[in-house]
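The values are calculated or read from the model by the stated rules, or taken from the named source; none is laboratory data. In this text the structure is predicted, and so the values were computed from the model without any measurement. Don't worry about glycine lacking a Cβ; one is built from the backbone with ideal geometry, like all the others, and counts go over all protein chains shown. Surface areas here come from the heavy atoms of the whole protein model, side chains and all, with no ligands, DNA or RNA. Shrake-Rupley method; radii C 1.70, N 1.55, O 1.52, S 1.80 Å.
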Amino acid sequence: MYEKIIKAATDNGCNYVENADMAKYTTFKIGGPANLLVEPNSVDALSEILKACKAEGVKPIVLGNGSNVLVQDKGIDSVVIVMGDAFSKIEYAGNDLVKVQAGAKLISLCRFCLEYSLGGLEFATGIPGTVGGAVFMNAGAYGGEMKDVVWVVNHMDLDGNKGSFQGSQLDFSYRHSAYVDSDLIITSVIFHLEQDNAEGIKNSMDDVQARRKAKQPLEYPSAGSTFKRPEGYFAAALIDECGLKGYTVGGAQVSEKHAGFVINVGNATSADVLQLMSDVQKKVKDEKGVDLEPEVRII
């Protein structure tokens with residue numbers, strides 16, 4: 001099985017793992033095995049891997065740092081493509097533009113911007129995802145979103161063909177981009193930033209990081225914010241008001257530090273997390289009349 005995909009990976013010097021333990025590839029530290037996991041190291045390698053997937057009749061699942069996903073216990077009966085460290089080049093393109101491969105971690109990009117005195121991404125400090133994943137979901141925090149700083153997004157379709165979106169084509173909205181509704185794979189992003197004072201940038205980054213550490217349960221595995229913000233409300237406040245802080249199912253718990261986070265307090269299964277999420281949704285609906293929509297992608 002997957003001989004053509006393995007050959008494409010091998011021919012291009014890419015790492016691959018059969019029966020990959022997905023708990024090792026997600027920040028939740030939860031999930032059964034994937035049949036095959038491949039880590040492309042270039043755009044050309046990704047194109048060849050995608051062509052091999054098509055030749056074998058396989059539709060791959062694409063992940064970055066696995067920071068906004070819950071992989072189910074039964075695992076993934078398919079091929080997973082991880083846009084990770086092998087696909088993480090960051091370069092200054094002049095005129096306050098920074099080109100970043102999709103697998104670069106946001107923390108690395110923020111450090112790069114500080115080095116070049118480029119402001120605009122301070123809000124992203126400490127978000128544990130990759131650039132591709134952040135743009136995919138229009139990640140945001142502390143008053144900023146990816147849509148504020150993204151200029152061009154380069155992508156590839158499942159046939160291995162290159163393309164790009166910019167401006168209104170990106171269809172950015174709250175936790176949404178054009179890529180959510182497509183099979184296109186983000187390969188790189190060009191950010192349009194602005195020259196700023198390095199000391200000011202650092203102070204802003206330090207402030208954001210300190211606020212994260214003070215308010216969020218960073219000491220436990222999680223997938224970040226579990227539910228989207230309902231219009232006119234805050235999910236964490238609703239959950240807290242329903243007395244659900246500390247509510248536990250198996251190894252999954254509503255964080256006592258921040259009710260917007262479901263955390264893995266000890267060998268949680270995806271079944272634990274899904275049951276807990278369902279219980280939270282039901283109680284918030286019953287007591288507050290508000291529907292909570294998951295922000296976490298369930299695979």
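Structure data summary
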read-out: The stretch 179-269 - Rg over Rh from alpha carbon coordinates, Kirkwood radius; value: 1.09
read-out: Candidate residues 155, 192: accessible-area rank, largest first, probe 1.4 Å; value: 192, 155
read-out: Pairwise FRET efficiency - residue 209 versus residue 182, Cβ, R0 = 30 Å, nearest 0.05; value: 0.35
read-out: Phi to ³J(HN,Hα) by Karplus 6.51 cos²θ - 1.76 cosθ + 1.60 over the stretch 180-196, Hz, x for Gly, Pro; value: 5, 9, 9, 9, 6, 10, 5, 10, 7, 9, 10, 9, 9, 10, 9, 4, 8
read-out: Share antiparallel - DSSP beta bridges, the chain, percent rounded to 5; value: 80
read-out: Close Lys-Lys pairs in the stretch 172-299, where close means Cα under 13 Å and separation is 8 or more or interchain; value: 4
read-out: Distance histogram for the stretch 256-296 (every C-alpha pair counted, 10 angstrom bins, percent rounded to whole numbers); value: 25, 56, 18, 1
read-out: Phi to ³J(HN,Hα) by Karplus 6.51 cos²θ - 1.76 cosθ + 1.60 over the stretch 37-48, Hz, x for Gly, Pro; value: 10, 10, 10, x, 10, 6, 4, 5, 5, 4, 4, 5
read-out: Where only C-alpha atoms are counted, convex hull volume of the stretch 86-232 per residue in Å³; value: 130
read-out: Quotient of Cα Rg and 2.2 N^0.38 Å for the stretch 67-120, N being how many residues it contains; value: 1.53
read-out: Full-stretch length increase - residue 92, residue 42 - with 0.36 nm per residue and alpha-carbon distance subtracted; value: 16.2 nm
read-out: The chain, dipole about Cα centre (Lys/Arg Cβ +1, Asp/Glu Cβ -1), debye to the nearest 20; value: 380
read-out: Karplus-derived HN-Hα couplings along the stretch 253-261 (A = 6.51, B = -1.76, C = 1.60, θ = phi - 60°), whole Hz, x at Gly and Pro; value: 8, 6, 4, 6, 8, 8, 5, x, 10
read-out: Per residue solvent-accessible surface (Å²) - the chain, probe of 1.4 Å; value: 45
read-out: Carbon and sulfur %, accessible surface of the chain computed with the full protein complex present, 1.4 Å; value: 46
read-out: Per-q log10 I(q)/I(0), the chain, q = 0.15 Å⁻¹ (Debye; single scatterer per alpha-carbon; no solvent); value: -1.22
read-out: Residue 213 - accessible surface, heavy atoms, 1.4 Å probe, Å² rounded to 10; value: 130
